[in-house]
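Chemist: Following this message is one structure expressed as C-alpha cells.
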Amino acid sequence: MMKDLLIEIGTEEIPASFLAPATDTFKEQFCKFLKDSRISFGKIKSYYTPRRLTLLLYSVSEKQKQEILEVQGPPKKFAFDEQGRPTKVAIGFANSHKLKVKDLYTKQTPKGEYVFLKKEAEIKTIEQLLKDNLSRLITGLQFPKTMRWGAEKVKFARPIRWITLVYGTKPIVINVAGLKSSQYSQGHRNNRITRRRHSLWRRTAKVKIINVKHYEKILKKYDVIVDAEARKQYIKKQLIVLTKKVKGKAIEDEELLQETTNICEIPNPILCEFRPEFLNLPAPVLITALKTHTRSFAVQKKCEIATPSVMSQNSIYANALRNDTSSELLPYFIAITNTPKCDVRQVRYWYEQAVESRLEDAKFFYDEDIKVGLESRVEEEKKVVWIEGLGTLFNKTSRLERLVFVIGQRIPNVNNSSLLKAAFLCKGDLLTNMVREKEYTSLQGVIGGIYAKASGESDLVTKIITEHYLPKSFDDKLPETIEGSILSVADKIDNIVGAFIVNAVPSGSFDPLGLRRQAMAIGSIYLNKRFFLNLEEIIELSFEYFAVEENQNLLKTIKDFFRERLNALLLDRNIRYDIANAVLAVGSINVLDIYERAQALAEFRKQAEFEPLVIGQKRVNNILKGVTESFVVHENLFKETAEQNLYQQSKSIESSLQTEITKRDYKKALELLLSLRPSINNLFDQVLVMTDDEELKNNRLGLLQYIKSLFMKVADLSEIVFG
C-alpha cells in the first residue's frame, strides 16, 4: 500500500543562510536512504522556515521491495572434500542463512571457485526503517555552526523542539534528541493559545496534521507559509503594492529578498518613512543602513521609462558618485516583519525610530569624514599594521603605486596620472569613521570614491577607487575602466603574494582570505579587458616589492597556485580538462594568451587528422621520457630518408610557425604543425630511434627533441585524451 509521508524537524530559529543548504542535503540523503532500503516513492517536496525543515513524500511504499540476494561463502576447497561431500564449513554457512546444503552452488570468481547461495532479503516496513535510521539522518545533518542544549550530546543548528512524523494519517513514534515524534506540528510563534482561564500564560498552538496531503493548508491557518518560494513571491508582490502608494519602486536586492524570505514564517511587509533630510547622505550609505540594520528595502523614484526590472543598486551608486547624493531615492523604506496581526502603527514607529537612529550615526560619520578628507587619511596609514610581519597599510599603498605604474606602462590607452592618484588614495577610506563602523565595511572602495569626489578629484579617479575591489564575489560585476581593472589586479596580486609570504595559504576548503576567489578574479579581468600581460613577471615584481628574503621555492609555489586557479577558470569557461592541461604546460602565465591557445586547440580538435597528430606526439613524449640530456642534431648523421625529410620540413616551417605565434594566430600555427604529421609517421614506420649505435641514437633523440620543441611553442599535445 502506498501512502504519503511527512517529516518535520521543529527548532528554534535557524540562521537564514543555513536553511536551503540543510534542506537540500536532508532531501538528498533521505532519498538515498529510501532507495538503498528498497522503498519506492513518488514526488518529493521540501520546505523550510526559520523554525522547521520539512520533507513531504508522496506514494511511499509501506514495506521494502522483495529482493533475491546472492551471498558469497567460503572457497569450494574448504566447503567440500575431495569426494564432493559437504564439510562442516559448508553446513555452517548454509545453517547461518537458514538454508540447506542442497541450496549451495559454486561459482568461479577472480579469486577462484567459491560457494554461493541465494536467499530472499529480509523485508522491513517503512515504520521499522524510520525507527532504526531517521534519528541518525536528522542528527547527522551538517551546518556551518552547531550548538548543544540540555543534557543531550546531539549537535544541531539550533535546539530541536519537536518532530512531526506522519505516514498517511497515522503518526510514527521515534526518539530524536530526547524527543518523541508525534502527529503534532506548531503554528507561528505569535499564534498562541491561553492555557488557563484568566491566565496570561500562553504557549504556541499545537497543530495536528490530520492528513499529510493538507500539510501546507493546515499550517497556513496557523500563520505559517512553509513554501519558501511562496513567501518570496508574496514579499515581491507586497513591495509593488506598498511602493505604489508613494509613487516609487523598491530597489532590487536578491540577497536581501532571500534573507527576508528565510527569516519569516509569514512575511508582513510594512511601509515606513524617515526624515527627508537624510536623503543628503550618499545613496550607498542609506541603502546599506536600511539593509544591514533592519533588513529593509530602500525605495526609489519610479522611472519615467518603463523597464522590465527595477533599477539596480549599482546605478544608484553611479548617481551618487556624480554628486547626486540620494536624489533617486525617496524618504521611505519597506520593513519585512514576521509578526502577523500586529499593531502596524506601533511596529512602524519602532522601525522608523531604529532607522533614524542609524541614519543619525551615518550622518555624523559622513560629516566628520568629509571634514578630514581622504588624502589626510593616507598619512594615518603609517600607524596601521596591514598584516603582521608585512608592514603597514602605507607600505601596501606604496607597493600598489609601484605595481600599477609598471602595469600601466605595458597596457595601451591608460591614464597613468589618474591611475597613480587612485592607487595613492584607494586605501584611505579604510581609516574613515564610516568604513570602520561594522555596518558599512562592505562599502570600502565605494566610500573612498564618494569621498574622493567630495575632495575635488576627477570622475576617473573616483571611479577607479570605487571599482578596485571588484569583483567581490564569483558572480559580481567586473571593473568597467581599464585603470580600475589594473588597480584591482595589482591589489589582489599584492594580497595573494603577501598571504603566501606569511603562510596564510588556502588548505582544502579553508580559504579565509579568499585567495582562490581573488586569483580567479584576476583571470576574469585579464580576459574581460584582453590584457596581454605576463602575470609571472607581475608576481615576481610584487614579491620583490615586499622586500623580503629571496625565496625561489616560495615564488614557484605562488606561481603554481595561479596556474591551478587558471586551470579552474578555463574549466569554468567550458574548456576541456585535457586541453587546459595542454596549454598550461607551455609558456608563461599569460592568461589571455593561454585562453586563446585553448580556444584554438578546442576548435582544431574537431578535425579528423587531430587524433593521429596527437598519437604521434604521445610516441615522441614516451621515447623522450627519462631522457635528461639535450642533443644537437647533425644532418650528416642522418642515415634514412625519413629522418632527413622530417628535419628539413620542420626547419622549413619554423620561421612561419614563430610568425603565427607572434601574431597569436594559433589556428594557423596548429595547421603548420599538422603538416608535419606524414613525415612524423614515416619516421616511426621506417626508422629505429633507439638503435645500438650510440651516436646515431643520440642524433635521432635530438631530432625528436627538436620536433617536440616546435609543438611545445603552442601546446603539449601529449596531454590530450581521447575516448
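The values are calculated or read from the model by the stated rules, or taken from the named source; none is laboratory data. All figures in this text were calculated on a predicted structure; none of them were measured in a lab. Virtual Cβ from ideal backbone geometry, glycine too; neighbours counted across all protein chains shown.
Chemist: I need every pair where a residue in the stretch 33-45 that is without any contact (Cβ under 8 Å) to a residue 40 or more places away in the chain and in the same structural domain as Leu137 (by TED's automatic domain parsing) has its Cβ under 7 Å from the Cβ of a residue that is of a type in the set (Lys, Arg) and not in a loop (DSSP other than H, G, I, E, B), sequence separation at least 6 or different chains.
Modeler: Note: pairs meeting the criteria are Ile44/Lys27.
Chemist: Of these, Glu113, Glu12, which one is charged (D, E, K, R) and not assigned by TED's automatic domain parsing to the domain that holds Ile160?
Modeler: Details: Glu12 fails: not assigned by TED's automatic domain parsing to the domain that holds Ile160.
Being charged (D, E, K, R) and not assigned by TED's automatic domain parsing to the domain that holds Ile160 holds for just one of Glu113, Glu12, which is Glu113.
Chemist: A further question follows. Could you tell me whether Lys3 is out of contact with any Leu (no Cβ under 8 Å at 6 or more places or on another chain), part of a strand (DSSP E or B) and in contact (Cβ under 8 Å) with a residue 12 or more places away in the chain? Spell out the reasoning first.
Modeler: Values: out of contact with any Leu (no Cβ under 8 Å at 6 or more places or on another chain): yes; part of a strand (DSSP E or B): yes; in contact (Cβ under 8 Å) with a residue 12 or more places away in the chain: yes.
Judged against the criteria, Lys3 is a match.
Residues are listed down the side, and each one gets a yes or a no for (1) surrounded by 13 or more Cβ atoms within 10 Å (Cβ to Cβ); (2) in contact with a helix residue (DSSP H, G or I) (Cβ under 9 Å, 6 or more places away or on another chain); (3) outside any helix (DSSP H, G or I):
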site	(1), (2), (3)
Ala580	yes, yes, no
Gly587	yes, yes, yes
Glu596	yes, yes, no
Leu601	yes, yes, no
Gln607	no, yes, yes
Asn622	no, yes, no
Glu629	no, yes, yes
Glu643	yes, yes, no
Ser650	yes, yes, no
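Chemist: Name the residues in the stretch 626-640 that are in contact (Cβ under 8 Å) with a residue 12 or more places away in the chain and more than 16 Å from Lys708 (Cα to Cα), would you?
Modeler: His634, Glu635, Leu637, Phe638, Lys639, Glu640
Chemist: Restricting to the stretch 431-445, and then to whatever is in a helix (DSSP H, G or I) and crowded, with 20+ Cβ neighbours inside 10 Å, can you tell me which residue is modelled with the lowest pLDDT?
Modeler: So, considering only residues that are in a helix (DSSP H, G or I) and crowded, with 20+ Cβ neighbours inside 10 Å, the one modelled with the lowest pLDDT is Tyr440.
Chemist: Of (1) out of contact with any Lys or Arg (no Cβ under 9 Å at 6 or more places or on another chain); (2) aromatic (Phe, Trp, Tyr); (3) more than 30 Å from Pro331 (Cα to Cα); (4) surrounded by 18 or more Cβ atoms within 10 Å (Cβ to Cβ), Trp386 satisfies all except one. Which?
Modeler: Answer for Trp386: the failing condition is (1).
Chemist: Yes or no: the stretch 512-533 includes at least one residue that is within 23 Å of Leu554 (Cα to Cα) and either over 19 Å from the mean Cα position of the chain (by Cα) or exposed (fewer than 15 other Cβ atoms within 10 Å of the Cβ) (or both). Break it down into steps so the answer makes sense when it comes.
Modeler: Here is the first cut: in the stretch 512-533, the ones within 23 Å of Leu554 (Cα to Cα) are 512-523, 533.
Checking the rest, the ones that are also either over 19 Å from the mean Cα position of the chain (by Cα) or exposed (fewer than 15 other Cβ atoms within 10 Å of the Cβ) (or both) come to 512, 533.
Within the stretch 512-533, one or more residues are within 23 Å of Leu554 (Cα to Cα) and either over 19 Å from the mean Cα position of the chain (by Cα) or exposed (fewer than 15 other Cβ atoms within 10 Å of the Cβ) (or both).
Chemist: Answer with yes or no whether Gly408 is within 12 Å of Leu487 (Cβ to Cβ) and surrounded by 17 or more Cβ atoms within 10 Å (Cβ to Cβ). Spell out how you get there, then give the answer.
Modeler: Details: within 12 Å of Leu487 (Cβ to Cβ): yes; surrounded by 17 or more Cβ atoms within 10 Å (Cβ to Cβ): yes.
Here the answer is yes, as Gly408 does meet what is asked.
Chemist: Return the total of residues in the stretch 685-702 being touching a helix residue (DSSP H, G or I) at 6+ places or on another chain (Cβ under 6 Å), assigned to a helix (DSSP H, G or I) and under 11 Å from Leu646 (Cβ atoms).
Modeler: Number satisfying all stated conditions: 1.
Chemist: Right, next: Which residues, counting only those in the stretch 138-159, are exposed (fewer than 12 other Cβ atoms within 10 Å of the Cβ), over 21 Å from Asp24 (Cα atoms) and in contact (Cβ under 8 Å) with a residue 24 or more places away in the chain?
Modeler: Gly150, Ala151
Chemist: From the list Thr194, Thr204, which one is at pLDDT below 90, out of contact with any helix residue (DSSP H, G or I) (no Cβ under 9 Å at 6 or more places or on another chain) and under 15 Å from Arg52 (Cβ atoms)? Show your work before the answer.
Modeler: Working: Thr194 fails: under 15 Å from Arg52 (Cβ atoms).
Answer to the selection: Thr204.
Chemist: Could you tell me whether the stretch 317-332 includes any residue that is at pLDDT 95 or above and among the acidic types (Asp, Glu)?
Modeler: no
Chemist: In this structure, is Ala422 outside the structural domain of Leu286 (by TED's automatic domain parsing) and at pLDDT below 95? Reasoning before the result, please.
Modeler: Values: outside the structural domain of Leu286 (by TED's automatic domain parsing): yes; at pLDDT below 95: no.
For Ala422, the condition - outside the structural domain of Leu286 (by TED's automatic domain parsing) and at pLDDT below 95 - is not met.
Chemist: Hey, another quick one. From the list Ala283, Ala306, pick out the single residue that is at pLDDT below 90 and either among the hydrophobic types (A, V, I, L, M, F, W, C) or within 23 Å of Asn433 (Cα to Cα) (or both).
Modeler: Working: Ala283 fails: at pLDDT below 90.
None of the other options fit; the residue is Ala306.
Chemist: Checking the conditions here, which among Leu673, Leu657 is touching a residue at least 60 places away in the same chain (Cβ under 8 Å), assigned to a helix (DSSP H, G or I) and either of a type in the set (A, V, I, L, M) or touching a strand residue (DSSP E or B) at 6+ places or on another chain (Cβ under 6 Å) (or both)?
Modeler: Numbers: Leu657 fails: touching a residue at least 60 places away in the same chain (Cβ under 8 Å).
The conditions single out Leu673.
One line per residue, one yes/no per condition, for (1) at pLDDT below 90; (2) in the same structural domain as Pro479 (by TED's automatic domain parsing):
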{"position": "Arg563", "(1), (2)": "no, yes"}
{"position": "Ala585", "(1), (2)": "no, yes"}
{"position": "Leu601", "(1), (2)": "no, no"}
{"position": "Thr628", "(1), (2)": "yes, no"}
{"position": "Phe631", "(1), (2)": "no, no"}
{"position": "His634", "(1), (2)": "no, no"}
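Chemist: Return the residue satisfying two criteria in turn: it lies in the stretch 286-303 and is surrounded by fewer than 19 Cβ atoms within 10 Å (Cβ to Cβ) and either among the hydrophobic types (A, V, I, L, M, F, W, C) or more than 34 Å from the chain's Cα centre (by Cα) (or both), and of such residues it is modelled with the highest pLDDT.
Modeler: Step by step, filter the stretch 286-303, then rank; the result is Lys301.
Every residue, every condition in (1) within 32 Å of the chain's Cα centre (by Cα); (2) surrounded by fewer than 16 Cβ atoms within 10 Å (Cβ to Cβ); (3) of a type in the set (Ser, Thr, Tyr), yes or no:
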position	(1), (2), (3)
Ser96	no, yes, yes
Tyr105	no, yes, yes
Gln108	no, yes, no
Leu117	no, no, no
Arg136	yes, yes, no
Trp162	no, no, no
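Chemist: Considering only residues that are free of Cβ contacts under 8 Å to residues at least 40 places away in the same chain and closer than 20 Å to Gln649 by Cα, which ones fall in the stretch 677-723? Write out each step before concluding.
Modeler: Of the residues in the stretch 677-723, the ones free of Cβ contacts under 8 Å to residues at least 40 places away in the same chain are 678-679, 688, 691-694, 697, 709, 723.
Scanning the stretch 677-723 gives Pro678, Ser679, Leu688, Ser709.
Chemist: Can you name every residue in the stretch 69-96 that is in contact with a Leu (Cβ under 8 Å, 6 or more places away or on another chain) and modelled with pLDDT of 90 or more? Walk me through it before giving the result.
Modeler: Just the residues of the stretch 69-96 that are in contact with a Leu (Cβ under 8 Å, 6 or more places away or on another chain), to begin with: 70-71, 73, 79, 86, 90, 93-94.
The answer is Val71, Gly73, Ala79, Pro86, Ala90, Phe93, Ala94.
Chemist: Then there is this: Pull out all pairs, ordered by first then second residue, where Cβ-Cβ is under 8 Å, the residues are six or more apart or on different chains, the first lies in the stretch 531-559 and is closer than 21 Å to Pro506 by Cβ, and the second is among the hydroxyl-bearing types (Ser, Thr, Tyr).
Modeler: Partner pairs satisfying both residue conditions: Leu535/Tyr526; Leu535/Ser588; Glu536/Ser588.
Chemist: Among (1) in contact (Cβ under 8 Å) with a residue 40 or more places away in the chain; (2) assigned to a helix (DSSP H, G or I), where does Ala298 come up short?
Modeler: It is condition (2) that Ala298 fails.
Chemist: Find all pairs meeting these conditions: Cβ atoms under 6 angstrom apart; at least six residues apart or on different chains; first residue within the stretch 249-260 and buried (at least 17 other Cβ atoms within 10 Å of the Cβ); second residue among the basic types (Lys, Arg) and not in a helix (DSSP H, G or I).
Modeler: Lys249/Lys302; Thr260/Arg295
Chemist: Restricting to the stretch 35-53, and then to whatever is of a type outside the set (Gly, Ala, Ser) and surrounded by 19 or more Cβ atoms within 10 Å (Cβ to Cβ), can you tell me which residue is farthest from Gly168 (Cα to Cα)?
Modeler: The initial filter retains those residues of the stretch 35-53 that are of a type outside the set (Gly, Ala, Ser), namely 35-36, 38-39, 41, 43-45, 47-53.
Then drop every residue that is not surrounded by 19 or more Cβ atoms within 10 Å (Cβ to Cβ), which leaves 39, 47-53.
Numbers: Ile39: 15, Tyr47: 18, Tyr48: 21, Thr49: 23, Pro50: 26, Arg51: 23, Arg52: 20, Leu53: 19 Å.
Result: Pro50.
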